[in-house]
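Read-outs: derived from the displayed coordinates by stated rules, not from any lab. Here the structure is a predicted model, which is why all the values come from computation and not from measurement. All Cβ positions, glycine included, derive from the backbone under ideal geometry; neighbour counts span all protein chains shown.
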């Protein structure tokens, strides 16, 4: 297993709408792991010159799926943090908001409206959830299965090229500039008594992975599931398939960089220490099932 660290800057912010909502969808305060994998999948598709959507014949999931569904088998985990240490970043703060937009509403209307004569009814006005983070720096870490990477036909050099090819995190308008990307195999995985706290991490993680934390608040993000990237899933992703995460404590309604203090991990969690060639050391908490012992 190797770790990929991607650092970049948001141009205006990002929009990742809650998957269980439709027209007037609210936003996730941080890009979920599934969104991060989707962002990298776009870069991988660009490097390998493959389409963003492909046909899958994987059992029950046969049909048209996003390229992220293929990448997920090789990238079992991803996490995110706002960062004030990224070069070229003007700041590291984010504020959630909802803007009114002109939205295409025909998808939610009965068949009688699907005619040219009814075109004036095709559009409507609704709230659109966004997180404004103009010029804010961020960091994303991916845990990657090396064997799966080989199955995708990617070398480590091409993986770094794919990371540099990330152009958005979230909706297509959620533009980013990637400042740096580096990979490492120098990973130390600690669980149980070997991961005694306290230790600090800047990156969010599921609350079920820790018994005791400080300087953290809870948010809800979707569980990682291949159905998130299917166009017509047999059973749609439901509200109860979201999961509680710990993120650094915010300052009122403003999200800023911070460090979660983990005093004790749960049996399901592991501490992953990563040392990169640049000398950077990063720590994340990850589910034990995604890390090969």
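Summary of packing: across the peptides 9-18, 27-36, 180-189, 101-110, the per-residue average of other C-beta atoms within 10 Å ranks them, highest first, as 27-36, 9-18, 180-189, 101-110.
Please find the FRET efficiency linking residue 146 to residue 73, where r is the Cβ-Cβ separation and R0 is fixed at 22 Å, and quote it to the nearest 0.05. With R0 = 22 Å, the Cβ-Cβ based efficiency is 0.95. Calculated from the structure, Cα extents along the principal axes in Å equals which of (1) 67, 45, 37; (2) 63, 39, 37; (3) 77, 50, 35? Computed from these coordinates, Cα extents along the principal axes in Å corresponds to label (1). A straight chain from residue 191 to residue 119 at 0.36 nm per residue would run longer than the Cα-Cα distance by 20.0 nm. Reported to the nearest whole Å, the Cα centre-to-centre distance from segment 1-54 to segment 147-199 is 13.
If the chain linking residue 200 and residue 281 were pulled fully straight, counting 0.36 nm for each residue of separation and taking away their Cα-Cα distance, it would gain 28.0 nm. Think of it as helices only: each DSSP H run of n ≥ 4 in the chain is worth -39500 (n - 2.57), and spread over all residues that comes to -3500 deg cm²/dmol at 222 nm. Ranked by the mean number of other Cβ atoms within 10 Å of their residues, highest first, the peptides 275-281, 161-167, 196-202 fall in the order 161-167, 196-202, 275-281. Packing, taken as the mean count of other beta carbons within 10 Å per residue, orders the peptides 151-157, 42-48 from highest to lowest as 42-48, 151-157.
Placing pseudo-labels 7 Å out from each Cα toward the beta carbon at residue 54 and residue 11 gives an inter-label distance of 2.8 nm.
Extension gain residue 112-residue 87, at 0.36 nm per residue separation less the Cα-Cα distance, in nm? Net length gain for the segment: 3.6 nm.
Output the relative contact order of segment 102-158, whole-number percent, from Cα pairs under 8 angstrom with separation of 6+ residues. Reported relative contact order: 29 percent. Under 8 Å for C-alpha pairs, at least 6 residues apart: give me the relative contact order for the chain, rounded to a whole percent. With pairs under 8 Å counted, the relative contact order is 27 percent.
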